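Below: the structure, in structure tokens.
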Amino acid sequence: MYKSIIRPLLFSMQPEKAHIVTFKLLKIAKFTNVNSIMNLLYNPAHLQMETDVFGIKFPNKIGLAAGLDKNAEVFEMFSSMGFGHVEIGTVTPKPQPGNPKPRSFRLVDDSAIINRMGFNNNGLEEAVKQLKKRNKKLIIGGNIGKNTATPNEEALNDYVTCFNGLYNYVDYITVNVSCPNVTNLHKLQDQEQLELILNTLNAERAKQLVYKPILMKISPDLNLNQVDETLAVIAKCNVDGIIATNTTISRKGLITNPKRIEEIANGGLSGNPLKNRSTELIRYISKQTEGKLPIIGVGGIQTPADAIEKLEAGAALVQVYTGFIYEGPTLAKRINRAVKKKYSK
């Protein structure tokens, strides 16, 4: 039904408009019995497979990546679809509109999306307001970034503000310094800047009564030397896990008409074209860390086989974003079924 009726209808709209329409419907469903029905259909108990990663008991291995539920508006609905965790954000201290529109583009032939949203979100205060209503049984991650207007020299203050503001309302926090859609954000991946941010967040965490994991999301565009440098910083700064990967600025291997790609111009590419690169980095990171650093694998997961490939490469958990848009609400259930079949004793 999704691919034959719902997806063609949504894909007839500009991507951002389709997103708005979808979220309006999900908000309506959240306050009706639809939520309970979806839970029965897509999230049956027998498909759950509890997984302990960085001290958190996840009900299953599949999560929703940051970027979809930016403002923590409908995470309950995604949980009802079978996602074992939802990462909200990217959250910035102040609300911001993001980059000029249009800023999201489908590459249907490639099962991909190019976006240059630019951390558009309602800000920290609104995210906290939404999260205060959450069911504590749901596993929620908070993805944090800096406001676009904040210069890199002052970025640390934005990360600290978001970290402390979200800390009591999420189960883990992801530091996002790798999004290609915020001017010069990638420069925060440099060792010195990264160490400063992570060490400061560690110091802030030490002031808290409850220990919560800090994760870092990396770019697929790092070369292996840069990955090694990042892993050294992660080890030095006691980061609990890594998310591999964010979107890519690469356009290699696309079958979409090159003129169309040229028209779209800048933006981070997600979806099927990212699959092999993200898996390659997961495998490399797992090998370099001897499997001791928990990895959440993201990028190009559109089938249960894609998810299992990432788990086999060394990921402890996986997340989807673009795959959900192309495959619909049954994706998490299908992945959970395949994972349970493969890994149950």
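Does the range 151-171 contain any residue that is farther than 17 Å from Ile296 by Cα, surrounded by fewer than 24 Cβ atoms within 10 Å (Cβ to Cβ), touching a strand residue (DSSP E or B) at 6+ places or on another chain (Cβ under 8 Å) and β-branched (Val, Ile, Thr)? No, that holds for no residue. If only residues of the range 286-345 that are closer than 17 Å to Gly241 by Cα and of a type in the set (Val, Ile, Thr) are counted, the one that is surrounded by the fewest Cβ atoms within 10 Å (Cβ to Cβ) is Thr289. Taking the criterion of being assigned to a helix (DSSP H, G or I), more than 19 Å from the chain's Cα centre (by Cα) and either within 22 Å of Thr247 (Cβ to Cβ) or not acidic (Asp, Glu) (or both), the residues of the range 150-177 that qualify are Asn152, Ala155, Leu156, Asn157, Asp158, Val160, Thr161, Asn164, Gly165, Asn168.
The listed residues are Asn43, Asn99, and the only one of them that is within 30 Å of Ala305 (Cβ to Cβ), under 22 Å from the mean Cα position of the chain (by Cα), buried (at least 19 other Cβ atoms within 10 Å of the Cβ) and polar (S, T, N, Q) turns out to be Asn43. Among the residues of the range 208-231, is any surrounded by fewer than 13 Cβ atoms within 10 Å (Cβ to Cβ) and closer than 29 Å to Ser111 by Cα? Checked the range 208-231: at least one residue is surrounded by fewer than 13 Cβ atoms within 10 Å (Cβ to Cβ) and closer than 29 Å to Ser111 by Cα. Looking at Gly291, is it out of contact with any strand residue (DSSP E or B) (no Cβ under 7 Å at 6 or more places or on another chain) and at pLDDT below 95? Here the answer is no, as Gly291 does not meet what is asked.
Please find, among Asn238, Asn223, the residue that is within 22 Å of the chain's Cα centre (by Cα) and without any contact (Cβ under 8 Å) to a residue 12 or more places away in the chain. Walk me through how you get there before you give the answer.
Numbers: Asn238 fails: without any contact (Cβ under 8 Å) to a residue 12 or more places away in the chain.
Going through Asn238, Asn223 in turn, just one is within 22 Å of the chain's Cα centre (by Cα) and without any contact (Cβ under 8 Å) to a residue 12 or more places away in the chain: Asn223.
Would the range 47-63 turn up any residue that is at pLDDT below 95, surrounded by fewer than 22 Cβ atoms within 10 Å (Cβ to Cβ), over 21 Å from the mean Cα position of the chain (by Cα) and on the phi < 0 side of the Ramachandran plot? Yes, some residue in the range 47-63 is at pLDDT below 95, surrounded by fewer than 22 Cβ atoms within 10 Å (Cβ to Cβ), over 21 Å from the mean Cα position of the chain (by Cα) and on the phi < 0 side of the Ramachandran plot.
Just to be sure, is Tyr211 touching a residue at least 12 places away in the same chain (Cβ under 8 Å) and more than 20 Å from the chain's Cα centre (by Cα)? Show your work before the answer.
On the way: touching a residue at least 12 places away in the same chain (Cβ under 8 Å): yes; more than 20 Å from the chain's Cα centre (by Cα): yes.
So Tyr211 fits the description; yes.
Please enumerate the residues belonging to the range 192-227 that are part of a helix (DSSP H, G or I), modelled with pLDDT of 95 or more and of a type outside the set (A, V, I, L, M, F, W, C). Once the filter is applied, which keeps residues that are part of a helix (DSSP H, G or I), modelled with pLDDT of 95 or more and of a type outside the set (A, V, I, L, M, F, W, C), the range 192-227 yields Asn199, Thr200, Asn202, Glu204, Arg205.
Restricting attention to the range 133-164, which residues are among the β-branched types (Val, Ile, Thr) and either in contact (Cβ under 8 Å) with a residue 60 or more places away in the chain or touching a Cys at 6+ places or on another chain (Cβ under 9 Å) (or both)? Step through it out loud before you land on a result.
Taking the range 133-164 first, the residues among the β-branched types (Val, Ile, Thr) are 139-140, 144, 148, 150, 160-161.
Within the range 133-164, Ile139, Ile140, Ile144, Thr161 qualify.
Only one of the numbered conditions (1) closer than 19 Å to Asn143 by Cβ; (2) touching a residue at least 40 places away in the same chain (Cβ under 8 Å); (3) of a type outside the set (Phe, Trp, Tyr) is not met by Pro95, and that is (2).
The values are calculated or read from the model by the stated rules, or taken from the named source; none is laboratory data. None of these values were measured; they are calculated from a predicted model. Please note: Cβ atoms are built from the backbone with ideal geometry, for glycine as well, and neighbour counts cover all protein chains shown.
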